[in-house]
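The block underneath contains the structure these notes are about, expressed in C-alpha cells.
The values are calculated or read from the model by the stated rules, or taken from the named source; none is laboratory data. In this text, all values refer to a predicted model and were calculated from it rather than measured experimentally. Positions of Cβ are generated from backbone atoms using ideal geometry, with glycine treated the same way; all protein chains shown enter the neighbour counts. Remember, those area values only see protein heavy atoms, side chains included, never the ligands or the DNA or RNA. Shrake-Rupley method; radii C 1.70, N 1.55, O 1.52, S 1.80 Å.
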Amino acid sequence: MTVTSALLAFSAVAALMTLIPGVDTALVLRSAITRGRGEAMLAGLGICTGVFVWGVAAAAGASAILAASALAYQILTYAGAAYLVFLGGQMIYRSLRKKQLPSTEIPVPQSGIRTYLTGLVTNVLNPKIGVFYIAAIPQFTPAGSNALLMGVGLSAVHVALTLMWAAILVFGVRIAGRWLSSAKAVSWMDRITGTVLIGFGLKVALSRP
C-alpha cells in the first residue's frame, strides 16, 4: 500500500463515517435552521477542529508506540481491527432498531463564538473519535511511513470531508434535514458503513503476518 492508496482508502471510510447522521449533523442542521448559514459553518469549523485535535493526538500516540515497540504496534493493529469490526457490528445492530437523528438534544447556540466552541467541545469530549483514529492509523499507515505524519494527513482528509459535508447540509438544509431525519435513511447509512468497517477490519486481521 502506498501513501496515495492509503489516503484514498481512508477517504472512502471517512466519507461514510461523515455521512452517518449523528450529533455533529444535528448541530449543523439546527444551527442552519435557527441561526443562519454563517453560524452553521462556524459550527462545522468547530467540529473540524475537534476532529483534527483527536486525529493528531491519536497519531502522536500511535507514533510513540511504534517507536517504543514493534510488537506493541502489532498488538495495537490487531486491537484496531477488532474495534473496527465491533464498530461496524454496532452500527448494523443500531440500524435494526431504526434510531432517528438525535436533534432534540442539541442546544441552540447564541453567538458565533459559542457556535464554534459548541462544535469544538462536542468532538473534543467524544473519545470515540480518538479511539477510531487509534484503530485506523495502523491500518492506513504503509510500511516504512511515519505514523505521526500519516496520522496528520488522515486527519486533514477527514477534516476536508467533514467541512464539505457541513457545507452541503447548510446549503441544502431543507432537503437534507427531511432526508436525514428519516429512520429509513439512518438505517441504510448505518448498514452500509457497518458492513464496510467489518469487511475492512477482517481484511486487516487476516492479512497481518
task = Note down all Cβ pairs under 7 Å where the first residue falls in the range 154-175 and is open to solvent by less than 20 Å² (accessible area, probe 1.4 Å), the second is modelled with pLDDT under 90 and not in a helix (DSSP H, G or I), and they're at least six residues apart or on different chains.
result = Leu154/Phe140
task = Could you list all residues from the range 136-158 that are among the small types (Gly, Ala, Ser) and under 12 Å from the mean Cα position of the chain (by Cα)?
result = Ala136, Ser155, Ala156
ask   = Hey, any hits in the range 111-118 for a residue that's open to solvent by 40 Å² or more (accessible area, probe 1.4 Å), aromatic (Phe, Trp, Tyr) and modelled with pLDDT of 80 or more?
value = yes
query = Could we say that Ala32 is part of a helix (DSSP H, G or I), surrounded by 17 or more Cβ atoms within 10 Å (Cβ to Cβ) and at pLDDT below 80 here?
reply = yes
